[in-house]
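Below: the structure, in structure tokens.
The values are calculated or read from the model by the stated rules, or taken from the named source; none is laboratory data. Since the model is a prediction, treat every value here as computed from it, not as a measurement. Every residue, glycine as well, gets a Cβ built from its backbone with ideal geometry; the counts of neighbours run over all protein chains shown.
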């Protein structure tokens with residue numbers, strides 16, 4: 001969900017999205033989610049990262065890791081729910 005929001009939020013200074021799920025312990029990575037804001041697309045482009053390429057391969061981890069936008073909680077020993085937050089002014 002976070003990766004899908006990158007292009008749509010480009011340039012918006014007043015919106016932040018967090019997509020998070022459990023504690024990162026039930027998948028193949030240490031990430032539980034990622035943050036996206038209006039600067040995400042420009043910061044990714046500066047690193048040669050195209051969100052569509054990563055969407056096509058279902059690989060949000062390697063898109064967000066170089067940006068420093070992964071949510072890594074460490075083990076919380078809970079598996080409660082998926083959380084999606086949108087903060088807009």
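Among the criteria (1) modelled with pLDDT of 90 or more; (2) out of contact with any strand residue (DSSP E or B) (no Cβ under 8 Å at 6 or more places or on another chain), the one residue 18 does not fulfil is (2). Would you confirm whether any residue within the range 9-26 is more than 9 Å from the chain's Cα centre (by Cα), under 15 Å from residue 87 (Cβ atoms) and assigned to a helix (DSSP H, G or I)? Within the range 9-26 (the criterion being more than 9 Å from the chain's Cα centre (by Cα), under 15 Å from residue 87 (Cβ atoms) and assigned to a helix (DSSP H, G or I)), the answer is yes, since at least one residue qualifies.
Entry remark, the range 40-58: residues being part of a loop (DSSP other than H, G, I, E, B) and farther than 15 Å from residue 3 by Cβ number 1 in total. Scanning the range 59-89 for residues that are assigned to a loop (DSSP other than H, G, I, E, B), touching a helix residue (DSSP H, G or I) at 6+ places or on another chain (Cβ under 9 Å) and in contact (Cβ under 8 Å) with a residue 24 or more places away in the chain yields a total of 1.
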